[in-house]
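The values are calculated or read from the model by the stated rules, or taken from the named source; none is laboratory data. Model, not experiment: these values are computed from the prediction. Neighbour counts are summed over all protein chains in view; Cβ atoms, including those assigned to glycine, are modelled from backbone coordinates with ideal geometry.
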Amino acid sequence: MDFAERYRIVESRDRRFDGQFVMAVRTTGIYCRPSCPARTPKPANVQFFTTSAAAHRAGFRACRRCLPEATPGSPEWSLRQDTAGRAMRLIGEGIIERDGVAGLARRLGYSPRQLNRTLTDELGAGPLALARAQRAQNARQLIVSTTMSMADIAFAAGFSSIRQFNDTIAEVYGLTPTRVRAASRRDTRETSGQQPGVITVQLAHRAPLDVHGLTSWFHARAITGLETVTADTYTRTLRTGSAPAIAEISYRPPALSARLWLEALSDLPRALAALRRLFDLDADPLAVDSSLASEPRLAHRVEAIPGIRIPGTVNATEILTRAILGQQVTVASARRQLDRLVAELGEPLHETFGGPAGYRLFPRAETIAEHAPALVRGPRRRTQTLQRACAAIANGHLGMDVSRTREDLTHELTALPGIGPWTADYVALRFLGHPDVLVSKDVAIRRGARQLGFSDTTLSDETQRLSPWRSYVSMHLWRASAGPSTGPSTGPSSGTATGTETTRLKEKAS
């Protein structure tokens, strides 16, 4: 977008672009989200930045009225497969706090100096400034929505010292942390009823959000002991680094919130990033729906299901195991295999953890590689595929992180015997959250395509013009194939829901 396009967006106060860029006003020294309700400044006084970090670097502070730091993340980082997009995905996961700029540069194959120059040219700020902006955003969220002490917030948001935390908040927001909290209470934005040892935060997203579709998907695939689905909550374990956590996501329209039980406060940024991927919260549903509705055969589906999302994942080993065990079987059959794996190999949370009881972590890759032959039933080749894949993750030969490009990950996956196009596409869709994956080898998607008037043999060609949003086409076709959704029950799921889709696929078994 050029200056004129962005200025027209600001004039119209279009909320669709919140989080995709910020507008800085030279005469006031502040920057705002595009939909800020304040009077639109003259073009001569306006400067646009791709990231808030670039605005900070140029000396602007965040607007206290529109709170630009409270917006969802930009969908651009899922679309972009270049260095900047890959870096932003890793920075959002807190890699700078764990491994520093050198660690980020190594992951991307650059020297720290090259990476700093590339990100500054592309995004207006280097990796340290981008990470600092992310920490400020995480800290503000905790300041206004929890009753945590400021010291705990500083640590949880990734700051190395209280002084760094105080200085950053004052510079970004023009207020001390205590005054930020006081202002939020005056504006009645404080979350009440915090429980000791539990962090509750609001998850920003762009409306509409098809929560029912996501919870129905998770319900049909719920693994006993790992996750629980009810009518309005989804609870599951996740591994944030080396420490366990439990997250309970609740939807009370229009708010989506997460309650987190964390063993290590410093894992909070990583947990929040995982939950955002799980519910595809940085998507731009209006852009997606507008594009898909231009196809007459999809228009009625888009109208009936606005804001459809990609059901993501929080664990690389888990999604690859789900994909391999889902080859050539029903969803229900694959889930029974996964129930057995988690029951036998999943790590139970220690009784001192403090969260809900009875949950387990998904097994580690090396554990599955060692014990799969004794637990996995079905074709021996599929078991061998699972062993090889988990061993490759464990020894580092298969790189599974969100910075991977779809092409590189697909190449590494399909190089493993027993993994073909469907498995690679399924992993790219759910693990990377790639927006343009048409899982054309899936028989359920082909069935859904036929029901909506597409040809299952030329589906890829017929949907080419809907790029880069064909992952959402995949979701609509899956839904069409499944028929009316029963959705989650009103009580806790024990993993006994019956899936209606099948994934009978012929994967490469060479």
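Annotations for the structure displayed:
- Every residue from the range 325-348 that is in a helix (DSSP H, G or I) and farther than 22 Å from A444 by Cα: D339, R340, L341, V342, A343, E344, L345
- Candidate set: the range 332-374, residues that are among the hydrophobic types (A, V, I, L, M, F, W, C) and surrounded by fewer than 21 Cβ atoms within 10 Å (Cβ to Cβ); chosen: the one nearest to S216 (Cα to Cα): A332
- Taken over the range 349-371, residues that are over 30 Å from R479 (Cα atoms), at pLDDT 95 or above and either assigned to a loop (DSSP other than H, G, I, E, B) or not charged (D, E, K, R) (or both) amount to 6.
- Once the range 471-492 is narrowed to residues that are under 23 Å from the mean Cα position of the chain (by Cα) and under 15 Å from F218 (Cα atoms), the residue that is modelled with the lowest pLDDT is G487.
- With respect to (1) assigned to a helix (DSSP H, G or I); (2) modelled with pLDDT of 95 or more; (3) small (G, A, S), the lone exception for A247 is condition (1).
- Here is the figure for the range 406-436: residues that are of a type in the set (G, A, S) and outside any loop (DSSP other than H, G, I, E, B) total 2.
- Breaking point among (1) out of contact with any Phe, Trp or Tyr (no Cβ under 9 Å at 6 or more places or on another chain); (2) assigned by TED's automatic domain parsing to the domain that holds A283; (3) of a type outside the set (K, R); (4) free of Cβ contacts under 8 Å to residues at least 40 places away in the same chain, for A231: (4)
- The lone exception for I162 - which of (1) of a type in the set (A, V, I, L, M, F, W, C); (2) over 26 Å from the mean Cα position of the chain (by Cα); (3) modelled with pLDDT under 90 it fails: (3)
- Residue within the range 373-383 that is in a helix (DSSP H, G or I), among the hydrophobic types (A, V, I, L, M, F, W, C) and either closer than 30 Å to H476 by Cβ or not assigned by TED's automatic domain parsing to the domain that holds A482 (or both) present: no
- Matching entry among Y7, Y110 (being surrounded by fewer than 21 Cβ atoms within 10 Å (Cβ to Cβ) and in the same structural domain as A139 (by TED's automatic domain parsing)): Y110
- When the residues of the range 382-413 are filtered to those that are surrounded by fewer than 16 Cβ atoms within 10 Å (Cβ to Cβ) and touching a residue at least 24 places away in the same chain (Cβ under 8 Å), the one that is nearest to the chain's Cα centre (by Cα) is D401.
- Residue count for the range 126-147, restricted to those that are surrounded by fewer than 19 Cβ atoms within 10 Å (Cβ to Cβ) and modelled with pLDDT under 90: 1
Per-residue answers, yes or no, for (1) touching a residue at least 60 places away in the same chain (Cβ under 8 Å); (2) farther than 23 Å from F279 by Cα:
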site	(1), (2)
R8	no, yes
R13	no, yes
Y31	no, yes
Q81	yes, no
G85	no, no
I91	no, no
D99	no, yes
P112	no, yes
T120	no, yes
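- Residue check, R206 in a strand (DSSP E or B), in contact with an Asp or Glu (Cβ under 9 Å, 6 or more places away or on another chain) and of a type in the set (D, E, K, R): no
- Checking each residue in the range 265-322 for being surrounded by fewer than 24 Cβ atoms within 10 Å (Cβ to Cβ), farther than 24 Å from F17 by Cα and among the β-branched types (V, I, T) picks out T313, V314, T317, I319.
- Selection count, the range 270-306, where residues are over 27 Å from T237 (Cβ atoms) and not in a helix (DSSP H, G or I): 5
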